Amino acid sequence: MTTPHHEDVRPGGWGNRDFRDEVQPARRALERGPTAAILTAVTFLVMLLAIQHENSDCRDACYDGGLRSYERGHAWTAYHDSWQWQAQWALGVGCLVFALAALSTASRYALRRWTTAFNVLAAACAVGWVAWRLLEPSLPT
């Protein structure tokens, strides 16, 4: 038994439709895999710099455990136990974690919004670490 063909209905009806021939809209730049891969490489370098910087704190020039006696009133870079050392390290490592999350979600079109969010978070953490590093007080000598 044949069914009449209507102009407003696709031939074959809904039962034969597989939705594979529908074109998905193009992804924006922050939703693409190459952008996430480049950002992952950049944040890996930021993470390496953060680890290196955290290991090169004031050491013997510290006012709270080095060769100097404890004195108050110096910049935070003059104290080994200052929380800013660990916060900078966490910001540097966090940017890599967000970039890896963006890279893992970049291959799925359904997760494109998460990819954008992770890319923005990774870039914000990396820029924040670089800005903080450039504006921090100098190490004591």
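From 50, 90, 37, 61, grab the single residue that is closer than 20 Å to residue 128 by Cβ and surrounded by fewer than 19 Cβ atoms within 10 Å (Cβ to Cβ). Criteria check complete, one pass: 90. Identify the residue in segment 112-127 that is open to solvent by 30 Å² or more (accessible area, probe 1.4 Å) and either under 15 Å from residue 90 (Cα atoms) or basic (Lys, Arg) (or both) and, among all such residues, is modelled with the lowest pLDDT. Ranking the qualifying residues of segment 112-127, first place goes to 112. Checking 96, 103, 45 one by one, the residue that is modelled with pLDDT of 80 or more, under 25 Å from the mean Cα position of the chain (by Cα) and loosely packed, with under 15 Cβ neighbours inside 10 Å is 45 and no other.
Condition first: within 20 Å of residue 76 (Cβ to Cβ) and free of Cβ contacts under 8 Å to residues at least 12 places away in the same chain. Now tell me which residues in segment 88-141 satisfy that. Those that are within 20 Å of residue 76 (Cβ to Cβ) and free of Cβ contacts under 8 Å to residues at least 12 places away in the same chain: 90, 131, 134, 135.
The values are calculated or read from the model by the stated rules, or taken from the named source; none is laboratory data. What you are looking at is a predicted structure, and each value in this text was computed from that prediction instead of being measured. So basically every Cβ, Gly included, is an ideal-geometry build from the backbone, and we count neighbours across all protein chains shown. In case anyone asks, the SASA skips ligands and DNA or RNA and just uses the protein heavy atoms, side chains included. Shrake-Rupley method; radii C 1.70, N 1.55, O 1.52, S 1.80 Å.
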